[in-house]
Amino acid sequence: MPPLSSLRSFEAAARHLSYSEAGRELNVTHAAVAQQVRRLEDWLGTGLLFREGRGLALSDEGRLLSSRLTAGFETLADALDELNQREAERGVKISMTPSFAASWMMGRLGAFRNEHPEIELMLSPSPQLVDLKRDGFDLAIRFGTGDWEGLEVEPLIPARFRIVAAKSLLGKRKVVKPEQLGDFPWVHELGLDELGTWLRCHGLEDIHSKQGILHLPGHLVLQAVREGQGIACTASVFVEEDIRQGRLVSLFESDEREQTGYYLVRRPGPLRGPLKTVIDWLRAEARADA
């Protein structure tokens, strides 16, 4: 096959019978179009366009090639339009932890849907680490330090840990040292290790073995803590309102040097329209919180 640029230049020049008009359509100079046409003629070994008066005319070979190329480019344009339309209509599939979905995402979805009713969202709350390409996800919101190789990673929400409990569980007991946490039952999110991360940072890996741990899906953890069923380690952003309202007490908070948080994670490459809209909205919501 000859270079596509030569075919495209010839098709435009043949349709307009003008190098200048073809150049304006392709956003190049008329001389560049003429040069591409000459390269195509050299490649084919035959003339396609020739001067006739003040304009151009097609040879028999040029007329044949021109008609086929015009039809071919129109077919290609139709296929690309159809593909773009499908991509614009395809929903956005997002993976996130259950606790993030319940404590941060759900309260904001109504506003997004009112603003963008044309975008179909598919949320998959799960503690499992998904393979974005294999599992067909457009985006993941992951908790960690952001070191996921081969992916586009962007900080969304810094998430320092808090150890929280209900006043009904604490009673009159004062908790001033992390070692005292072993005196309480724990509530822990299934499949995630925020608790283990905090304990390791304080050299308390085995403290919770003194009491049983209740493992629950993420969307039930804070409900159980509010009911006094145990203490929990969770992201500060999820419990700020509970603490302000007095439903929960903050016992300890992680050090600012612990660079953990929630990150936007996606496959490398250009963003299709609906996905870009969702990411822009998530950024705006995170900025508003900050």
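The values are calculated or read from the model by the stated rules, or taken from the named source; none is laboratory data. No experiment lies behind these values; they were computed from the predicted model shown. A quick note on method: Cβ atoms are made from the backbone with ideal geometry, for glycine too, and the neighbour counts reach across all protein chains shown. Protein only, heavy atoms only, side chains kept; ligands, DNA and RNA dropped before computing areas. Shrake-Rupley method; radii C 1.70, N 1.55, O 1.52, S 1.80 Å.
One table, with the values for the structure above:
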| quantity | calculated |
| --- | --- |
| Residues of type lysines that residue 133 reaches as a straight line, Cα spacing below 30 Å, ignoring anything fewer than 8 places off in the same chain | 93, 276 |
| Convex hull of the stretch 57-151 built on C-alpha atoms - directionally averaged projected area, nm² | 10.7 nm² |
| Å² of accessible area per residue within the chain, as computed with a 1.4 Å probe and no ligands counted | 56 Å² |
| Rg followed by Dmax, in Å, when the stretch 3-120 is reduced to its Cα trace | 24.2, 76 |
| Listed peptides 231-243, 108-120 by packing density, highest first (mean Cβ within 10 Å) | 231-243, 108-120 |
| Share of pairwise Cα separations in the chain, more than 36 Å, in percent | 45 percent |
| Degrees separating the helix 4-16 axis from the principal Cα axis of the chain, which is the longest one | 60 degrees |
